[in-house]
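Okay, structure first, notes after.
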Amino acid sequence: MYTTELQKSAKPVSLSNEPQELVDAFEARVAADEFIEPKDWMPEAYRKTLIRQISQHAHSEVVGMLPEGNWITRAPSLRRKAVLLAKVQDEGGHGLYLYCAAETLGASREEMIDALHSGRAKYSTIFNYPTLTWADIGAIGWLVDGAAIMNQVPLQRTSYGPYARAMVRVCKEESFHQRQGYEIMMVLANGTPEQREMAQDALNRWWWPSLMMFGPSDENSPNTAQSMRWRIKRDTNDELRQKFVDVTVPQAEFLGLTVPDPDLKWNAERGAYDFGAVDWEEFYAVVRGEGPVARERMLARRKAWDDNRWVREAAAAHEAKRAAKKAA
Ligand code: FAQ
């Protein structure tokens, strides 16, 4: 098990030990859409929620390098290889901005990494699925980065300043990622019958896991109500999932591919697509660490951490020497 069990019950947020006037002033600032900055007073539960969400987000970016990294040596051309390499490096950079944002809240990098490696911290379910063909790299850019953008554009207005500012750059890069994925899908969808089949197969396998990225349905999401009140989240999980479906279905139609959902239907009254039920059993199983390649993912992360210990040690030794020289 690499992820903790979901707590399905609503989490009570206790503000009882905190001075009411500070809580009121904090809530008024949030309600006025002011950014909360690292040195500002904030309720402990707000700090904890942010550390949880930002560190899980950081872990997702870093673990998310693995499925695509798997294809760098097998990309079909030098151009594809260079683009994919740059994309995977971007994801590593996103992880670093996010770890830094969480550090401004008092979390240490070591604690966060340890929580990931010991299975206490979650990371996105999507990265526990294998990348079996080159079309999966197209599908990840198109669908996974597409879902990430849908979720992260509103986070540019999240109430915590360092998280919001990190999201501005992340979103710019994610939109490039989404386009490179869609372009791969366009080439395959307009290619040979085998390539077309490969594109359809990738869509079949990545569609539902992409919808799961938005988290449990609103009625089963213990954090949404409080996070919306604190303007950490600006939209609920179901609102974002619906927006993603509405934007992505016409893109699949343009490719001439079929979304693997027999219940998918345009609802003219709502001005939105109706779609089938997500398999929540599968979602919770993957969250619990039972995803198809969850074990491999954590082994790879732990190995990278151990193999690169010398780099951290060398950097620390260099910094100590520099500080000693400065002090002398
Ligand atoms: N997987 O009450 P909620 C990317 C957890 S970045 C695993 O609804 P919340 C870039 C949740 O954490 C993708 N766990 O929680 C890229 C919570 O945990 P707790 C990551 C999940 O926080 C592209 C519990 O379930 N993006 O893809 C998942 O209000 C390509 C209850 O759920 C972010 O992290 C899940 N899918 O809403 C990289 C965005 N869903 O409290 C490489 C920022 C929920 O039990 C290649 N995060 N959980 O410890 C968010 O917006 C929110 O945290 C949500 C969840 C919407 C993910």
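For the reader, a short list of remarks on this structure follows.
- Site-free segments of the chain were taken between trypsin sites (Lys or Arg not before Pro) in DSSP loops having at most 15 other Cβ atoms within 10 Å, sites themselves excluded; the longest one is 158-269.
- For Ala272, residues with placed amide H under 5 Å, excluding near neighbours: Asn267
- Looking at region 15-170, the accessible area is 40 square angstrom per residue; that uses a 1.4 Å probe and ignores ligands, DNA and RNA.
- Restricting the chymotrypsin sites (Phe, Trp or Tyr not before Pro) of region 28-63 to loop positions (DSSP other than H, G, I, E, B) with no more than 13 neighbouring Cβ atoms within 10 Å leaves Trp41.
- The chain - percent of accessible surface contributed by carbon and sulfur, probe 1.4 Å: 56 percent
- More than 32 angstrom apart: percent of Cα pairs within the chain: 32 percent
- Applying both filters, DSSP loop and at most 11 other Cβ atoms within 10 Å, to the GluC sites (Glu not before Pro) of region 220-328 gives Glu269.
- Region 176-291 - accessible surface per residue (Å², probe 1.4 Å): 48 Å²
- Calculated FRET value between Glu183 and Ala323, using beta carbons and R₀ = 41 Å, to 0.05: 0.30
- Cα pair distances in region 94-224, grouped into 5 Å bins until the bin that holds the longest one, percent each: 2, 10, 15, 18, 19, 17, 10, 6, 3, 1, 0
- Between Ala268 and Ser175, residue separation times 0.36 nm minus the direct Cα-Cα distance comes to 30.6 nm.
- Database remark: amide H of Tyr160 closer than 5 angstrom to the amide H of Ile36 (H placed geometrically; neighbours at sequence offset of 5 or more, or on other chains; Pro and chain starts carry no H).
- Estimated FRET transfer efficiency when R0 is 41 angstrom, pair Leu22-Thr73 (beta carbons, to 0.05): 0.15
- Here the label points at His117 and Ala86, each 7 Å from Cα along the C-beta direction, are separated by 3.3 nm in the simple model.
- Region 137-265: relative contact order in percent, alpha carbon pairs under 8 Å with at least 6 residues between: 31 percent
- Calculated from backbone phi, Karplus (6.51, -1.76, 1.60) coupling profile of region 265-273 in Hz, x at Gly/Pro: 7, 5, 10, 5, 5, 7, x, 7, 7
- Taking amide H as placed 1.01 Å from N in the peptide plane, the amide H of Lys233 sits under 5 Å from that of Met228, each at least 5 places away or on another chain.
- Karplus-based coupling profile of region 152-158, in residue order and whole Hz: 8, 4, x, 6, 5, 10, 5, with θ = phi - 60° in 6.51 cos²θ - 1.76 cosθ + 1.60 and x standing for Gly or Pro.
The values are calculated or read from the model by the stated rules, or taken from the named source; none is laboratory data. Given the structure is predicted, the values throughout are model-derived calculations rather than measurements. Here Cβ is always computed from backbone atoms with ideal geometry, including for glycine, and neighbour counts include all displayed protein chains. Heads up: the accessible areas ignore ligands, DNA and RNA and are worked out on the full protein's heavy atoms, side chains in. Shrake-Rupley method; radii C 1.70, N 1.55, O 1.52, S 1.80 Å.
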